[in-house]
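In what follows, a single structure is set out as structure tokens and then discussed.
The values are calculated or read from the model by the stated rules, or taken from the named source; none is laboratory data. Predicted model only: the values in this text are computed from it and were never measured. FYI the Cβ positions are ideal-geometry reconstructions off the backbone, even for glycines, and counts take in every protein chain you see. Heavy atoms of the whole protein, side chains included, go into the accessibility calculation; ligands, DNA and RNA do not. Shrake-Rupley method; radii C 1.70, N 1.55, O 1.52, S 1.80 Å.
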Amino acid sequence: MHRPIDEPEGGTGHGPASPSFRPHPTFAELPGSWSAGAARPTGPWSDAGGPPDPGRVDPLVLGALLARHGWRRRGGAPGRYSRWTPPGPATATGSLLVPESRAFPDCEDLLGEALTALARSVVPSAREVLVGLTVPSDEIRWWRDVPPGPSGTVPWAVQEQFRSAARQLLLAGALAVRGRAGYYGARHRRQAQASLGAVVVGAAPDGRGLTAFVPVETGRAIAVRLYHALYAAREAADYQRATGGMEAFDAAVTAGVSRELTEALVALVRGSEGARIALEWAPAAGTPAGCAARPEPVEFSAGDLPALREAGARYLTDEPSVPVRITGAVVRMRRSGPRGEGTVRLRVLAGAEVPHVRVSLDEESYRTAGHAHLVGLPIRVVGRLESRGGFRRLTDASAVVPVQVDEAERDRLMKSLHENLDYFEEACGPGD
């Protein structure tokens, strides 16, 4: 509830609205991706068209979010409600009255007025409090120390680099949830990107901070994995700087550190005086097992870049190839003449967590792949998924055979053939 600061603390009547309030952007305007003008987010945010329903808000959670975002508790009526004032110097914004519990008789009315005041507030943190109430979310915050532009602004290219690095870091956490590896390449990427679809992000007014709200329901595993990976990367970088050894980075893979994560940290720090990442757990969901209740921010500086780059190169070269048996639909065929070996591109249906692979086949296997495609069938092939090139190439291919599929999938494959005939003219030529 919005009250003038000078209202008696025992009062629960309605105070006049402050003239400093202005309409606040609605939740429909929250960016669902990392660029301006993005589509409205789906999933848990799809119904967030305004302030949360006061009947579903826990006063304790609201108080915890206000404290997190710098609001100050300034008394109230003990056992009934508390008074909160916004962060920063004294303004005419006023204060909020938040009931101590839902047992307070006017609880829902007070909550409704407090939420309305937050929705209209010019205080930047008010929106973040509302986001945390709308969908229980873990918050991941980035700060980046960069030279200011004109009037304290941040240049466009610097801001884009910041957002790109933050996105890479989230993706590295999502990849680590799928399995531990020093280097993922194309593996798991499609699934990892899909798991970030419900994340929303907000930027600090000065352009030096970003906050990602990761819904607990769909993304807590990502936040937890990033928590462990960031601390492991920090400890490994300290060890390397102190001893020159890379052993700690090898062990950190089990915590979720990877080439993708080290590259994200390099992108975050490069061109700045340093960067910090902090995680804060959703009050409504509590602290996840094995994590600190109030984690300290993890900091990286330019002095860490050599260790992070060396670790990334090490992960790239040390990740072994993977034996697989892939089932895939042929989407492209190429060879230099009417006979001999050739290369096919497969859309992977099963057997590997990558969308496409390229396979070099001998003449007989190449002919088998071409005939299978012409009749609308995928093929199965055994080989090794090579880390070089990002796990996009299958080597030592053998045992190429057509695979029977249901009619719906076969019709879809035949449609793909007719839409891409230019890729198969050579495969259908004389002699084949």
- Task: Find the centroid of the Cα atoms in region 286-339 and in region 181-223, then give the distance between the two in whole Å.
- Result: 15 Å
- Message: Heavy atoms only, 1.4 Å probe, whole protein assembly: order Val382, Val135 by accessible area, highest first.
- Response: Val382, Val135
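Between Ser398 and Asp206, what's the calculated FRET efficiency when r is the beta-carbon distance and R0 is 60 Å? Round to 0.05. Don't skip to the end; give the middle numbers.
Working: r = 59 Å, r/R0 = 0.98.
So the FRET efficiency works out to roughly 0.55.
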- Task: Binning at 5 Å from 0, report for region 282-420 what percent of all alpha-carbon pair distances ends up in each bin.
- Result: 2, 9, 15, 15, 12, 9, 7, 7, 7, 7, 7, 3, 1, 0
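What FRET efficiency, computed as 1/(1 + (r/R0)^6) with R0 = 22 Å and r the Cβ-Cβ distance, is obtained for Asp109 and Ala67, rounded to the nearest 0.05? Mind showing how you got there, number by number?
Numbers: r = 22 Å, r/R0 = 1.02.
The value I calculate is 0.45.
Just to verify a number: FRET efficiency for Ser336 and Ala157, C-beta to C-beta distance, R0 = 41 Å, to 0.05?
Details: r = 43 Å, r/R0 = 1.05.
Between Ser336 and Ala157 the formula returns 0.40.
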- Item | Length released on extending from Arg180 to Arg325, taking residue separation times 0.36 nm less the Cα-Cα span | 50.1 nm
- Query: For region 160-253, what are the per-bin percents of Cα-Cα distances with bins 5 Å wide, up to the bin holding the maximum?
  - Reply: 2, 12, 20, 20, 19, 15, 8, 3, 0
- Query: With a sphere of radius 14 Å drawn around the Cβ of Ser195, what net charge do the other residues whose Cβ falls strictly inside it have (Lys, Arg +1; Asp, Glu -1)?
  - Reply: +3
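If the chain between Ala289 and Ala194 were fully stretched, how many nm would it gain, using 0.36 nm times the residue separation less the Cα-Cα distance?
Working: separation 95, 0.36 × 95 = 34.20 nm, distance 2.50 nm.
Taking 0.36 nm per residue and subtracting the Cα distance, the gain is 31.7 nm.
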- Which of rounded, prolate, oblate describes region 332-411, given a ≥ b ≥ c as roots of the alpha-carbon gyration tensor eigenvalues and a/c under 1.5 marking rounded, otherwise prolate only if a/b is larger than b/c? oblate
- Task: For Tyr81, tell me the accessible area in Å² from a 1.4 Å probe, rounded to the nearest 10.
- Result: 0 Å²
- Rounded accessible area of Ser387 (nearest 10 Å², 1.4 Å probe): 10 Å²
